[in-house]
1. Among the residues of the range 187-214, count how many are within 16 Å of residue 247 (Cβ to Cβ) and either in contact with a helix residue (DSSP H, G or I) (Cβ under 9 Å, 6 or more places away or on another chain) or at pLDDT below 95 (or both).
2. Does residue 256 satisfy being part of a loop (DSSP other than H, G, I, E, B), in contact with a helix residue (DSSP H, G or I) (Cβ under 7 Å, 6 or more places away or on another chain) and modelled with pLDDT under 95?
3. Applying the selection to the range 230-243, what residues are farther than 16 Å from residue 292 by Cβ and either touching a strand residue (DSSP E or B) at 6+ places or on another chain (Cβ under 9 Å) or touching a residue at least 24 places away in the same chain (Cβ under 8 Å) (or both)?
4. So, in the range 204-251, how many residues would count as being closer than 20 Å to residue 332 by Cα and assigned to a loop (DSSP other than H, G, I, E, B)?
5. Exactly one of (1) in contact (Cβ under 8 Å) with a residue 40 or more places away in the chain; (2) touching a helix residue (DSSP H, G or I) at 6+ places or on another chain (Cβ under 8 Å) is unmet by residue 123. Its number?
6. Any residue at all in the range 405-413 that's in contact (Cβ under 8 Å) with a residue 24 or more places away in the chain, crowded, with 22+ Cβ neighbours inside 10 Å, touching a strand residue (DSSP E or B) at 6+ places or on another chain (Cβ under 9 Å) and in a loop (DSSP other than H, G, I, E, B)?
7. Within the range 139-178, work out how many residues are buried (at least 22 other Cβ atoms within 10 Å of the Cβ) and more than 17 Å from the chain's Cα centre (by Cα).
8. Restricting attention to the range 367-395, which residues are closer than 17 Å to residue 213 by Cα and either surrounded by fewer than 19 Cβ atoms within 10 Å (Cβ to Cβ) or touching a residue at least 60 places away in the same chain (Cβ under 8 Å) (or both)?
């Protein structure tokens with residue numbers, strides 16, 4: 001592990017020089033923003049809640065760059081209509097490793113409209129949500145690295161698309177909610193409170209379903225029609241279940257609303273501790289869940305004739321296996337709270353997932369990390385984070401690589417696993433502007449991507465530097 005320790009030491013030294021910003025407001029409220037891949041919706045009994053920002057009319061105090069637009073926002077909100085506009089823009093570059101070196105620019109403009117039906121038409125318990133993206137630029141993983149844990153959570157094909165379009169009805173005094181319409185499962189399922197700080201996509205929608213499910217599953221940037229049920233049997237327990245179209249592909253503009261691509265079903269139980277206002281202990285949320293997909297999945301090694309796909313005497317067409325599934329667990333826990341504060345301090349998280357190896361290239365995924373909100377004196381809303389992600393290539397896929405070497409006589413690396421380390425610092429400059437320098441180190445990109453210059457060897461580990469800015473208009 002000497003190389004790993006060296007990378008950690010250098011990263012901490014570089015980020016130790018982060019300068020304080022202009023002001024120290026809280027992060028913008030999620031209620032007025034579109035569904036961002038970096039701002040997952042949390043359970044109502046989540047481990048922490050962001051402090052309310054001190055709202056003002058000055059440029060550095062207001063919570064949105066454009067302010068109240070001459071009172072328009074306030075008038076609409078009084079009628080139950082809230083709209084959001086947010087731009088996330090970033091630059092990433094790899095200074096070592098990968099398929100090639102270089103830098104990219106990418107961004108996503110997120111737009112949303114939310115309607116409270118009780119305020120608008122006196123129909124209690126109803127919510128309407130519409131969100132859309134304009135995705136621009138090009139991603140570092142697709143262009144330079146070829147890695148599994150995609151460097152950025154907003155990396156996606158350029159497009160302008162409808163994202164979510166759903167209606168939600170609250171019943172039984174809020175203890176039951178039903179959501180119907182086009183949805184993305186990554187907004188509510190398999191989320192982690194503290195992992196949401198990180199920019200690598202694997203800390204959002206996990207790498208395992210992103211690679212194993214058709215088109216990555218119902219997750220950014222592809223939502224799909226479905227139904228979600230949420231039950232709140234107690235203050236500590238939340239139960240979520242969702243059934244969605246099984247393959248969100250063929251939906252480039254987000255307006256196809258297909259229902260004929262199989263079924264993706266997911267269920268999750270969440271248990272929160274010390275979540276109440278009067279709780280004296282440190283808050284945390286623990287989750288267990290599972291997902292199932294009814295589509296067919298190609299065997300990672302064998303053809304339908306039983307021979308290896310690498311065998312020249314075989315048919316060369318994979319055996320298809322019905323269905324796919326995964327089990328997972330998530331933990332978020334505040335382990336240290338700054339005296340006299342609500343959510344400043346150290347939070348830790350961990351996620352683990354597993355899936356069958358015969359039909360999936362990645363069959364084990366783990367990530368974990370820690371964040372420290374308010375680590376810099378006077379910067380109470382800034383957050384430092386250190387995270388680690390691991391994706392394991394299934395034995396079946398690795399054996400296919402061995403078969404290919406044996407039958408072809410050519411030497412190339414056998415895929416095993418990929419690990420990513422991320423160090424990041426989110427600085428809240430104003431309530432409407434955050435700046436986030438980021439460092440990632442990718443060990444064994446792609447599990448072992450062959451070098452173009454020497455195919456018998458894998459490309460080198462990739463050191464990635466980046467900077468993201470987020471502006472809430």
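1. Number of matching residues: 3.
2. In short, no.
3. Within the range 230-243, 230, 231, 232, 233, 235, 236, 237, 238, 239 meet the criteria.
4. 7
5. Exception for residue 123: condition (1).
6. No: the range 405-413 contains no residue that is in contact (Cβ under 8 Å) with a residue 24 or more places away in the chain, crowded, with 22+ Cβ neighbours inside 10 Å, touching a strand residue (DSSP E or B) at 6+ places or on another chain (Cβ under 9 Å) and in a loop (DSSP other than H, G, I, E, B).
7. Residues flagged as buried (at least 22 other Cβ atoms within 10 Å of the Cβ) and more than 17 Å from the chain's Cα centre (by Cα) within the range 139-178 amount to 2.
8. 391, 394
The values are calculated or read from the model by the stated rules, or taken from the named source; none is laboratory data. None of these values were measured; they are calculated from a predicted model. As a convention, Cβ positions derive from the backbone with ideal geometry for all residues, glycine included, and neighbour counts pool all protein chains shown.
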